[in-house]
Amino acid sequence: MKKIYNMKFLQTIAGFGAKSGGTSTCTYDLVTALNQLNCQTDILTLEPNDPTDCLMGGGEQWIKALPYDGKTPFGYSHNIVHYLNMTDYDLYHTNGLWMYCNHITASIARRKGKPYVITPHGMLYPQALARSAWKKKLMMHLCFDKDIREANCIHATCMQEMKYYRDLGYKNPVAVIANPMPLPDYIDDIKPERSKKRIGFLGRLHPRKNVKGLIEAWASLGKATQNAELYIMGKGDESYEAYLRDLVTTLGLPNVVFAGFVSGREKFEKLATLTALFVPSDFENFGMIITEALIVKTPVMASLGTPWEELNTRHCGWWVNNDIHTLAQTMEEVFSLSDKELLAMGERGKQLVIEKYSSVQVATQMKHLYEWILNGGEKPDFVYE
């Protein structure tokens, strides 16, 4: 039986720029925590192709970022192939689907006779499969069905994601492990500063995030929002962002702010100024921003398209529909709460994150999964066969 500290693991991901979104963020956070647990794990990726973007992280030696040479929308990369052929790891773990990086990781792992794990990051949800459906069906036929079917384990971030996966007919083991929430050293220095009623959004500006519905719900409240603010953080496709700005102008909403991209400490400081964060997405397989808001004691509204029923059961937010009427109704409830009630919700939310979603706890589960795949033994209780 091999000892875990004598093994080397490789996680691969197609895009690892700071602007790549939640998939790259949670991959970085997980691998950081795995290395802190002496579980030697590298990340293989390509340098960002966007000159305005920068690589995630702080230049850690375990980030193997190769010169960008992606070709075709599939992202074929000779540099990725060469690295995978010339190195050897005990276990391979790829993040996402539909890109060459994901396929070639699985293919070379099989050729080397090494186990591999796939984390789809919500890409097998029905809503996700419905987008560019014919392309994904073709990709499934050409390579990804085999890659998925022969994986030693699929990593899902919630029970709902596992259900959707099983609905596709796959029988291999599924490990349900949440995304990690790192606790920065400065997090306890950030205190709630709610000088005004402020509903916030933070994320990529994309139709499935339902920012349009959030704006329309805000507009429906009329004078109830005159001393409040809708604070929208994030960037997206320029044409869609322009559409949202035009919608705000058309509706005559002077108290809607587009704050742009925020990250690092500034992100947490901005979250701490919100009366509540709203995550009205049509679907999310996890929703990293929810834990990020909760850790600074900001209550959260999340749609039923997210796996966050705990917001209701732990009394730290609202897990509700994302239609305009329900969003507006929830805003009214937020405005009606006293500072004391909001603070109590925030305290419960922070405690939930510390108990269940800290990076150390999540990385410990992933380390256990790797050990089980390589050495066998008793199946972890978070693995379903």
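Some observations on this one:
- Put a plus charge on the Cβ of each Lys and Arg, a minus charge on the Cβ of each Asp and Glu, and nothing anywhere else: the dipole of the chain about its Cα centre is then about 660 debye.
- Close amide H pairs (under 5 Å, H built 1.01 Å from N) link Ser358 with Met181, residues at least 5 positions away or on another chain.
- Comparing Ile43, Ile199, Ile108 in a Gaussian network model of the chain, where Cα atoms under 10 Å apart are tied by springs, the biggest mean-square fluctuation is seen for Ile108.
- Inter-centroid distance (Cα atoms) of the stretch 220-291 relative to the stretch 25-85, Å: 30
- The order of Thr330, Thr291, Thr364, going from fewest to most other C-beta atoms within 10 Å of their C-beta, is Thr364, Thr330, Thr291.
- Most fluctuating residue given options Val360, Val262, Val279, as computed from a GNM of the chain linking Cα atoms under 10 Å: Val262
- Between Leu253 and Glu333, residue separation times 0.36 nm minus the direct Cα-Cα distance comes to 26.7 nm.
- Other-chain or far-sequence residues with amide H under 5 Å of Asn152's (modelled H): Tyr116
- In this simple spin-label model, placing a label point 7 Å from the Cα along the Cα-to-Cβ direction at both Glu266 and Leu168 gives a separation of 3.7 nm.
- ³J(HN,Hα) computed for each position of the stretch 313-329 - Karplus, 6.51 cos²θ - 1.76 cosθ + 1.60, integer Hz, glycine/proline x: 5, 9, 6, 10, x, 9, 10, 9, 4, 10, 6, 4, 4, 5, 4, 5, 4
- 222 nm mean residue ellipticity, helices alone, for the chain (DSSP H n ≥ 4; -39,500 (n - 2.57); rounded to 500): -12000 deg cm²/dmol
- Label-to-label distance, nm, for residues given as His206 and Leu138 (7 Å Cα→Cβ offset): 2.1
- Each label point was placed 7 Å from the Cα along the Cα-to-Cβ direction; for Asn312 and Lys64 their separation is 4.6 nm.
- Within the stretch 252-358: Cβ-based charge dipole about Cα centre, in debye rounded to nearest 20 (Lys, Arg +1; Asp, Glu -1): 360
- FRET efficiency estimate (nearest 0.05) - Cβ-Cβ, Leu183 to Lys8, R0 22 angstrom: 0.25
- Lysines whose Cα lies under 16 Å from that of Lys191, excluding same-chain neighbours fewer than 8 positions away: Lys267, Lys270, Lys297, Lys340, Lys350
- Note on Ser263, Ser195, Ser281: ascending count of other Cβ atoms within 10 Å places them as Ser195, Ser263, Ser281, the fewest first.
- Fully extending the segment from His78 to Glu347 would add 91.9 nm, taking 0.36 nm per residue of separation and subtracting the current Cα-Cα distance.
- With a Förster radius of 56 Å applied to the C-beta separation of Arg245 and Lys379, the computed FRET efficiency comes to 0.65.
Where a number appears in this text, it was derived from the coordinates with a stated rule and is not lab data. Not measured: the values here are computed from a predicted model. Backbone-built Cβ (ideal geometry, glycine too); neighbour counts: all protein chains shown.
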